[in-house]
1. Could you calculate the contour length gain from residue 203 to residue 55, that is, 0.36 nm times the residue separation minus the distance between their Cα atoms, to one decimal place in nm?
2. Would you pull out the residues with amide H under 5 Å of residue 107's amide H, same chain only if 5 or more places away, H placed 1.01 Å from N?
3. Dipole of the chain (Lys/Arg Cβ +1, Asp/Glu Cβ -1, origin at the Cα centre): which of 224, 112, 11 lies farthest to the positive side?
4. Can you compute the modelled spin-label distance between residue 62 and residue 120, with each label point 7 Å from Cα toward Cβ, in nm?
5. Check each of the GluC sites (Glu not before Pro) in the range 93-159 and keep only those in coil by DSSP with at most 11 other C-beta atoms within 10 angstrom; list them in order.
6. I want to check the label-to-label distance for residue 195 and residue 218. Put each point 7 Å from Cα in the C-beta direction and report it in nm to one decimal.
7. Can you give the angle from 0 to 90° between the axis of helix 41-53 and the longest principal axis of the chain, with both taken from C-alpha atoms, to the nearest 10?
8. Compute the long axis of helix 73-88 from its Cα atoms, compare it with the longest principal axis of the Cα atoms of the chain, and write down the angle in degrees, 0 to 90, nearest 10.
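Please treat every number below as a calculation from the coordinates, not as lab data. This one's a predicted model, so the numbers in the text were calculated from it and none came from an experiment. Counting neighbours? That spans all protein chains shown, and the Cβs are built from the backbone with ideal geometry, glycine included.
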Amino acid sequence: FIIFPDADLEAASAAAMMGVWMASGQVCTAGTRVLLHDSIHDEVVERILVGSRDMVIGSGFDPATQLGPLVSAAQLERVQSYVAIGQQEGAELALGGQRRGDIGYFHEPTVFTGVRNDMRIAQEEIFGPVMSVLRFGSEAEAYAIANDTEYGLGAGVWTNDLGLAYRASRALRTGQVWVNTYQMGYPTVAYGGVKASGHGRMQGRPTIDELTHIKSVWMNVGPPPSLNGAH
């Protein structure tokens, strides 16, 4: 999830939160790495912290809930282990980091800043409400950081520069790129990843090709072919 300086920072910050807090981060395309240009880093981080600090955590059956539970006790333990790993690796815990309550598998929205791309919290799939914020100083550096991962399912780009949007879409090695939006999908549009995120596509015409078995049949409808020169 890359936010460039010319983006609508209010909308981009809200989308960054939605991109990882949705389903408590238990989504294949969760935008867990948020890349911010140096010039807007502090402002966007503050927007994210303010917007996430008082989120209502609870049952999905409660209309007021903004952040639901993790899927199991094992997943809660996994998320907590990654929070500990992030701290051990030297990232700054800017928000959250704790289990919420003793009943159920609820975890606070968690934000790490000062994250390096070689840290495990940036390179491994957590599947929890954990956001890693990284800095970049140039367009080229943003692409280098974003592509430096074994995964390649989705990426988000926020900018008001159409030329930059096209360059980013070409440069990012992912199955889909969302520009000034995130997690959009439609049944007729192909969906899938590259690198360790998978091969092939589902949805749209590629799905028909993917699920179709092609059979080749060779048939001679004329006179029988000659055998050993005989007719």
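1. The residue 203-residue 55 span can extend by a further 49.9 nm.
2. Here the answer is 70, 100, since their amide H atoms fall under 5 Å of that of residue 107.
3. So the residue we want is 224.
4. Calculated label separation equals 3.2 nm.
5. Those satisfying the criteria are 150.
6. 4.3
7. 80
8. Rounded to the nearest ten degrees, it is 70.
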